[in-house]
1. Within 10 Å of each candidate Cβ there may be at most 15 other Cβ atoms; applying that plus a DSSP loop requirement, which trypsin sites (Lys or Arg not before Pro) in region 41-105 survive?
2. Suppose a student asked you for the relative contact order of the chain, using Cα pairs under 8 Å spaced at least 6 residues apart; what percent would you report?
3. Taking the Cα centre of region 3-112 as origin and charging only Cβ (+1 Lys, Arg; -1 Asp, Glu), how large is the dipole, in debye to the nearest 20?
4. 222 nm [θ] for the chain, helices only, -39500 (n - 2.57) per DSSP H run of 4+, per residue, to 500?
5. Which far-off residues, 5 or more places away or on another chain, put their amide H under 5 Å from the one on residue 14, with H placed in the peptide plane?
6. Roughly what % antiparallel, to the nearest 5, for the DSSP beta bridges in the chain?
7. What's the ranking of 66-74, 96-104, 32-40 by average number of surrounding C-beta atoms within 10 Å, highest first?
8. Multiplying the sequence separation of residue 84 and residue 21 by 0.36 nm and subtracting their Cα-Cα distance, what value in nm do you get?
Amino acid sequence: MSGTYPLATQNGGKYATIHYNPNPNHTALRRPGVELLKTGHRSEILIHRGIGFLASVGCINLCKILPDASEPISFPGSRARVIAMIDNMRSFLGANFPHDDGFSIPQATAVIVGDP
């Protein structure tokens, strides 16, 4: 749904923002991810890596511009983009970036324009 959503560090069994697993294998748990807050009736929306055509329904998978719906999402590229986003927020916020998973990220929002 269109809107502006505050971001938080994720602290789940499958995804984490601070303490994610550095193993780049797509099956390794505690993969890098970030959580959207204030999502209304939705229990959870995450920004995380995508792979091929497999992605979580209702989550956001970072990737390059895809020419059409038949283009698969590159797992290594998508994972690198999620990590770069986390690192960029950490660099920008410095000491204000949370030091653990499960906390709001100050001054960080995701802006969603239009419905998919």
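Read the figures in this text as sums done on the coordinates, not as results from a lab. This structure is a prediction, so every number in the text was calculated from the model and none was measured. Reconstructed Cβ throughout: ideal geometry from the backbone, glycine too, with neighbour counts over all protein chains shown.
1. On the way: sites: 42, 49, 64, 79, 81, 90; in loops: 42, 49, 64.
Loop-located and lightly packed - 42, 64.
2. Numbers: 215 pairs, mean separation 39.7, N = 116.
Averaging sequence separation for qualifying contacts and normalising by length gives 34 percent for the chain.
3. Values: 10 positive and 7 negative charges, 19 e Å.
It comes to approximately 80 debye.
4. Details: 1 runs with 19 residues, N = 116.
Value at 222 nm, helices only: -5500 deg cm²/dmol.
5. 30
6. Values: 15 of 19 bridges.
Percentage antiparallel, nearest 5: 80.
7. Working: 66-74: 10.6, 96-104: 14.2, 32-40: 19.1.
Going by the mean number of other Cβ atoms within 10 Å, highest first, we get 32-40, 96-104, 66-74.
8. Details: separation 63, 0.36 × 63 = 22.68 nm, distance 1.49 nm.
Full-extension gain reported as 21.2 nm.
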